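J.: Below: one structure in structure tokens.
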Amino acid sequence: MFGWPSDVILYHFGGVARFHHQMGNTTGRTVVVTFAGPWAGFVTYGIVVGVEYLLKQGNHLPVWGGAGEMYPWQLYAFDTLKFLNLFWGLVNLLPILPLDGGQISRALLEHFRPRDGLVWCLRIGTGVAAVASAVFLSFRMTFPGIFFAMFPINNFQMLEQYRHRRW
């Protein structure tokens with residue numbers, strides 16, 4: 001996008017899309033490029049909802065039951081696709097580094113507060129991640145709860161490294 005070279009790094013719990021800043025980079029462009037990943041998930045969610053709606057109205061494929069009927073595995077597949085593309089897209093927009101929301105938060109805070117934008121981004125990320133972890137755990141969502149418990153630790157460590165590097 002915008003002619004910038006980019007790459008995707010996949011990790012065991014997800015991945016990071018990143019681009020290499022070129023001439024003409026602006027905060028707005030950074031936000032747009034970073035938001036493209038969650039946006040793709042939201043578009044996919046809309047497509048899944050639309051296809052499910054059409055199939056439930058009687059437009060069926062040979063693997064489907066009668067008009068408007070869906071097998072339990074098909075309902076489960078649609079529910080799973082909707083959940084993954086909407087819920088995790090929203091979670092990915094939380095202002096926690098290294099999530100896309102954290103990258104957007106960083107770009108905006110560094111634009112409006114060049115001197116301490118990163119510090120504020122890390123502080124916000126630490127707090128939001130701690131709250132998100134507690135919320136997940138309170139709903140007995142153990143994996144995301146533990147996963148998000150790693151983020152405040154990570155954000156706090158990055159904050160400490162940044163503070164010590166500055167002096």
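J.: Can you find even one residue in segment 26-37 that is surrounded by 17 or more Cβ atoms within 10 Å (Cβ to Cβ), among the polar types (S, T, N, Q) and at pLDDT below 85?
T.: yes
J.: When you check residue 104 against the structure, is it within 23 Å of residue 39 (Cβ to Cβ) and not in a helix (DSSP H, G or I), yes or no?
T.: Against the criterion (within 23 Å of residue 39 (Cβ to Cβ) and not in a helix (DSSP H, G or I)), residue 104 does not qualify.
J.: Here is a follow-up. How about segment 98-127: which of its residues are more than 18 Å from residue 157 (Cβ to Cβ) and either crowded, with 16+ Cβ neighbours inside 10 Å or under 13 Å from the mean Cα position of the chain (by Cα) (or both)?
T.: 100, 101, 104, 107, 108, 109, 110, 117
J.: From the list 95, 72, which one is closer than 30 Å to residue 50 by Cα and touching a Ser or Thr at 6+ places or on another chain (Cβ under 6 Å)?
T.: Selected residue: 95, the only one of 95, 72 that is closer than 30 Å to residue 50 by Cα and touching a Ser or Thr at 6+ places or on another chain (Cβ under 6 Å).
J.: Right, here's the next one. For residue 158, state whether it is free of Cβ contacts under 8 Å to residues at least 12 places away in the same chain and either over 13 Å from the mean Cα position of the chain (by Cα) or in the same structural domain as residue 45 (by TED's automatic domain parsing) (or both).
T.: For residue 158, the condition - free of Cβ contacts under 8 Å to residues at least 12 places away in the same chain and either over 13 Å from the mean Cα position of the chain (by Cα) or in the same structural domain as residue 45 (by TED's automatic domain parsing) (or both) - is not met.
J.: Among the numbered criteria (1) crowded, with 19+ Cβ neighbours inside 10 Å; (2) within 16 Å of the chain's Cα centre (by Cα); (3) in a helix (DSSP H, G or I), which one does residue 95 miss?
T.: If we test residue 95 against (1) crowded, with 19+ Cβ neighbours inside 10 Å; (2) within 16 Å of the chain's Cα centre (by Cα); (3) in a helix (DSSP H, G or I), just (3) comes out false.
J.: Please give the number of the condition residue 119 fails out of (1) assigned to a loop (DSSP other than H, G, I, E, B); (2) among the β-branched types (Val, Ile, Thr); (3) touching a Leu at 6+ places or on another chain (Cβ under 8 Å).
T.: (1)
J.: Are any residues in segment 130-161 exposed (fewer than 13 other Cβ atoms within 10 Å of the Cβ) and under 18 Å from residue 117 (Cα atoms), and if so, which ones?
T.: Once the filter is applied, which keeps residues that are exposed (fewer than 13 other Cβ atoms within 10 Å of the Cβ) and under 18 Å from residue 117 (Cα atoms), segment 130-161 yields 157, 160, 161.
J.: Here's something else I'd like to know. For residues that are out of contact with any Gly (no Cβ under 7 Å at 6 or more places or on another chain) and at pLDDT below 85, scanning just segment 38-59, find the one that is nearest to residue 76 (Cα to Cα).
T.: 55
The values are calculated or read from the model by the stated rules, or taken from the named source; none is laboratory data. The shown structure was predicted, so the numbers you read here are calculated from the model rather than taken from an experiment. For neighbour counting, all protein chains shown are included, and Cβ atoms are generated from backbone atoms with ideal geometry for every residue, glycine included.
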